[in-house]
Amino acid sequence: MIQSKLRDSFGRRHNYLRVSVTDRCNLRCAYCMGPEGVEWLPREQILSYEEIVKVVKVAVALGIDRVRLTGGEPLTRKDLSLLISELSRIRGIQDLSMTTNGLLLPEQAQSLRRAGLQRVNISLDSLNPATYRRVTGGGDLQQALAGIEAALEAGLNPVKINVVLLRGVNDHEVPDFIRLATEKELQIRFIEYMPVGVGKMEQAESFFPVSAALEAAAAYELSPTEKVIGTGPAKMYKLAGGAGAVGFIPSISEDFCAGCNRLRLTADGFLKPCLFWQDELAVRPVLYDPDQLRALFFQAMIVKKKAHQMGEDGQSVKERCMSRIGG
Ligand code: SAM
Ligand code: SF4
């Protein structure tokens, strides 16, 4: 394996780029943008597919070999398959994935797979229709479940399910989600609520640690495993006799910054070395100068800090909400 040239001041090599293709969304999750939503960026500020491909090509030449599309809701951007098809032709990308709320997968999963998308993470915070509707600001659970089926049928593999743990909202559903992983070949990942952006939920009150979710999973026989594709910071477990797997991501209660290998490209063209810190580098001014674009990636390595400070003394990210950063 070729080592990435993108090494920061703390020795961490970066091989993973998350690309936000839009800040727009067809849901209004309470912890992400809240029921009123956020103002959309003007279209002319959003990078075109051609511009995204240009940035990704430079990133790959420097050692990025994992690319994840995200947003906003990536499937709301027109003709996303065209972008995927361009990206899948870039030699050097080993892993091309997407994070989505899944609502538009029934009509798009097959064409995304044909275009070269390898796998998806689908966000699903409740298996109860009323709770799902409430958390997502009006989403239809059946449509999300149909999206999961469509992803499995299209052969997007593995299909991971992201569950943001919310105290008093879905914490009692941990066993239900695990049951789902015994029935279907899904990787269910419980994620801690991060104090990012303008979501209208009180983070301190709604926070539910993954350690408590692990306790709630006690009735299941879980055996630790590392043999799961693209696990990132998740602690993964196989289920005795089950098809799927379960993961726990302690984004706040445990600091996994020491192993960070990620960079983010926002939909409006900023390279962000870290979700938490305000540092962001504008790609637009250097888009047509490959040397300067390369230099921008190295600059991102220089400014990248050692760790985030989310949760410390109530610190949060206010400048950009998750849908604008690209979660
Ligand atoms: N719309 C897509 C979706 O929901 O999957 C992609 C974008 S969304 C911003 C990416 C991920 O960020 C989702 O899994 C979502 O649950 C998660 N997310 C958003 N706000 C969050 C927060 N404050 N804390 C933890 N996860 C969050
Ligand atoms: Fe939209 Fe995803 Fe944010 Fe929910 S978490 S509002 S689906 S961007």
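Name the residue farthest towards the positive end of the dipole of the range 16-325 from the options Phe248, Ser211, Ala258, assuming +1 on Cβ of Lys and Arg, -1 on Cβ of Asp and Glu, about the Cα centre.
Ala258
For the chain, take N as its residue count and report Rg(C-alpha) divided by 2.2 N^0.38 Å.
0.94
Hey, got the dipole for the range 16-325? About the Cα centre, +1 on K and R Cβ, -1 on D and E Cβ, debye to the nearest 20? Walk me through the intermediate numbers first.
Numbers: 37 positive and 37 negative charges, 158 e Å.
Using only the charged Cβ atoms, the result is roughly 760 debye.
How much accessible area per residue does the range 16-325 have, counting only protein heavy atoms and a probe of 1.4 Å, in square angstrom?
Working: 13230 Å² over 310 residues.
Here the residues of the range 16-325 average 43 Å² of exposed surface.
Would you mind calculating the relative contact order of the range 16-325 from Cα pairs under 8 angstrom and at least 6 residues apart, reporting the percent as a whole number?
21
Return the carbon/sulfur percentage of the accessible area of the chain, one whole number, probe 1.4 Å, all protein chains in place.
Its accessible area is 49 percent carbon and sulfur atoms.
Do any chymotrypsin sites (Phe, Trp or Tyr not before Pro) in the range 1-73 lie in a loop, going by DSSP, with at most 14 other beta-carbon atoms within 10 Å of their beta carbon, and if so which?
In loop regions of the range 1-73 (DSSP not H, G, I, E or B), the sparsely surrounded chymotrypsin sites (Phe, Trp or Tyr not before Pro) are Phe10.
For the chain, give the share of DSSP beta bridges that are antiparallel, in percent and rounded to the nearest 5; count only bridges with both residues there.
Bridges in the chain are about 30 percent antiparallel.
Which of Lys54/Lys78; Lys235/Lys306; Lys78/Lys306; Lys57/Lys272; Lys235/Lys304 have a Cα-Cα distance over 27 Å?
Details: Lys54/Lys78 19 Å; Lys235/Lys306 22 Å; Lys78/Lys306 37 Å; Lys57/Lys272 17 Å; Lys235/Lys304 25 Å.
Among Lys54/Lys78; Lys235/Lys306; Lys78/Lys306; Lys57/Lys272; Lys235/Lys304, the Cα-Cα distance tops 27 Å for Lys78/Lys306.
Using +1 at the Cβ of each Lys and Arg and -1 at the Cβ of each Asp and Glu in the chain, identify which of Val60, Gln142, Ser323 lies farthest towards the dipole's positive end.
My answer, from the dipole projection, is Val60.
Lys238: which aspartates and glutamates have alpha carbons under 12 Å from its alpha carbon, excluding same-chain residues fewer than 8 sequence positions away?
Candidates past the 8-residue exclusion: Glu185, Glu221, Glu226.
The values are calculated or read from the model by the stated rules, or taken from the named source; none is laboratory data. Remember, it's a predicted structure, so these values are computed and weren't measured experimentally. Note that we place each Cβ from the backbone using ideal geometry, even for glycine, and neighbour counts take in every protein chain shown. For the accessible areas, the whole protein counts, side chains as well, though only heavy atoms, and no ligand, DNA or RNA atoms are used. Shrake-Rupley method; radii C 1.70, N 1.55, O 1.52, S 1.80 Å.
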